[in-house]
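The values are calculated or read from the model by the stated rules, or taken from the named source; none is laboratory data. No experiment lies behind these values; they were computed from the predicted model shown. Here the Cβ positions follow ideal geometry from the backbone for every residue, glycine too, while neighbour counts run over all protein chains shown. Ligands, DNA and RNA are excluded from the accessible area calculation, which covers all protein heavy atoms including side chains. Shrake-Rupley method; radii C 1.70, N 1.55, O 1.52, S 1.80 Å.
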Amino acid sequence: MFRWTGHSPDYVSERQETMEYILYEQKGAYAVITINRERALNALNSTVLEELDQTLDSVDLDTVRCLIVTGAGQKSFVAGADIGEMSTLTKAEGEAFGKKGNDVFRKLETFPIPVIAAVNGFALGGGCELSMSCDIRICSDNAVFGQPEVGLGITPGFGGTQRLARLVGAGMAKQMIYTARNIKADEAYRIGLVNAVYPQEELMAAAEKMAAGIAKNAPIAVRSCKKAINEGLDADMDQALVIEEKLFGGCFETEDQKYGMAFFLDKNKEKVKAPFKNC
Ligand code: CO8
């Protein structure tokens with residue numbers, strides 16, 4: 001089922017019919033995307049990928065300032081790409097399936113607003129790769145991360161060979177990928193793959209608190225930070241600093257910059273900070 005709060009009733013009913021494996025819930029200034037295919041531990045088949053893509057296209061960026069991605073149930077975030085669906089693919093179909101995953105994960109990675117992965121269990125193969133396309137990963141204490149693909153006769157094909165090395169360093173990424181060994185939450189925390197580990201029952205509250213905190217900050221500035229970090233990481237330092245300067249400059253003269261600084265400079269102790277307006 002697809003729940004939607006930001007569009008007309010006609011639009012809602014259209015989306016409710018089409019979304020089989022994605023739940024979308026807007027909660028004020030942030031929204032939660034749940035991969036909802038619990039009987040297959042939320043494995044990513046083509047339909048899940050297509051629906052995730054459509055869901056991202058539908059996010060109301062005028063009102064939503066942060067996304068959370070999680071999996072349905074208490075056991076699994078996403079247990080990988082769907083092995084049954086992949087088992088009979090030809091070379092060309094395999095490449096096309098890899099592209100389908102890469103395209104939607106890249107859309108998530110470059111999405112204008114921050115995305116938090118709330119990893120509530122298995123994050124294997126495509127699940128680990130999905131989490132790595134998000135800006136921030138936090139997990140439950142039962143989470144398990146891994147890239148088991150070489151044990152199945154394939155490579156990590158949804159960005160794993162690229163993003164894992166960038167996040168945890170080439171040596172650790174190569175070890176995880178070549179050995180296909182899964183790691184538990186505490187090890188994922190130790191190597192910097194996740195930022196924090198919570199008891200399962202506290203994970204979503206922690207993710208929502210973080211999302212609400214992000215959503216309170218000036219939206220143009222938050223979006224600019226995401227762009228500066230992402231684009232800067234792909235550039236050399238001289239170019240990266242130019243990217244930063246442009247985005248920094250772009251914040252000036254906005255209502256949010258004027259208000260944020262005026263609020264700081266105002267010495268009235270009774271003042272209450274109003275929400276930032278601009279997206
Ligand atoms: N694909 C399809 N079905 C799955 C998957 C999956 N990745 N993972 C679990 N399921 C299904 C099981 O088949 C089972 O279904 P059924 O009840 O109909 O038999 C159901 O989910 C429950 O799973 P289990 O009974 O196995 O549950 P367990 O608690 O015993 O085990 C595990 C949980 C350890 C997570 C186990 O299910 C497992 O090892 N799953 C596979 C994990 C894996 O190898 N993931 C990587 C897949 S490859 C990948 O992601 C490649 C990404 C890049 C693709 C590039 C394309 C070219």
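The residues listed here are ASN182, ASN217; of these, the one that is modelled with pLDDT of 95 or more, within 16 Å of the ligand (Cβ to nearest atom) and not hydrophobic (A, V, I, L, M, F, W, C) is ASN182.
Going by what's in this entry, would LYS271 be described as open to solvent by less than 100 Å² (accessible area, probe 1.4 Å) and more than 21 Å from PRO114 (Cβ to Cβ)? Considered against the rule, which asks whether it is open to solvent by less than 100 Å² (accessible area, probe 1.4 Å) and more than 21 Å from PRO114 (Cβ to Cβ), LYS271 comes out as yes. If you go through segment 190-205 one residue at a time, do you hit one that is over 22 Å from GLY121 (Cβ atoms), open to solvent by 50 Å² or more (accessible area, probe 1.4 Å) and within 18 Å of the chain's Cα centre (by Cα)? No, every residue in segment 190-205 fails to be over 22 Å from GLY121 (Cβ atoms), open to solvent by 50 Å² or more (accessible area, probe 1.4 Å) and within 18 Å of the chain's Cα centre (by Cα).
ARG39 meets the conditions (1) open to solvent by 10 Å² or more (accessible area, probe 1.4 Å); (2) assigned to a loop (DSSP other than H, G, I, E, B) in every case but one. The failed one is (2).
When ALA185 is tested against the conditions (1) open to solvent by 30 Å² or more (accessible area, probe 1.4 Å); (2) out of contact with any Lys or Arg (no Cβ under 9 Å at 6 or more places or on another chain), the lone failure is (1). Restricting VAL197, VAL144, VAL115 to residues that are farther than 24 Å from ILE83 by Cβ and in contact with a Phe, Trp or Tyr (Cβ under 6 Å, 6 or more places away or on another chain) narrows the list to VAL197. Restricted to helices (runs of 4 or more DSSP H) entirely inside segment 57-157, those with at least 3 residues that are open to solvent by 10 Å² or more (accessible area, probe 1.4 Å), within 9 Å of the ligand (Cβ to nearest atom) and without any contact (Cβ under 8 Å) to a residue 60 or more places away in the chain are 91-109.
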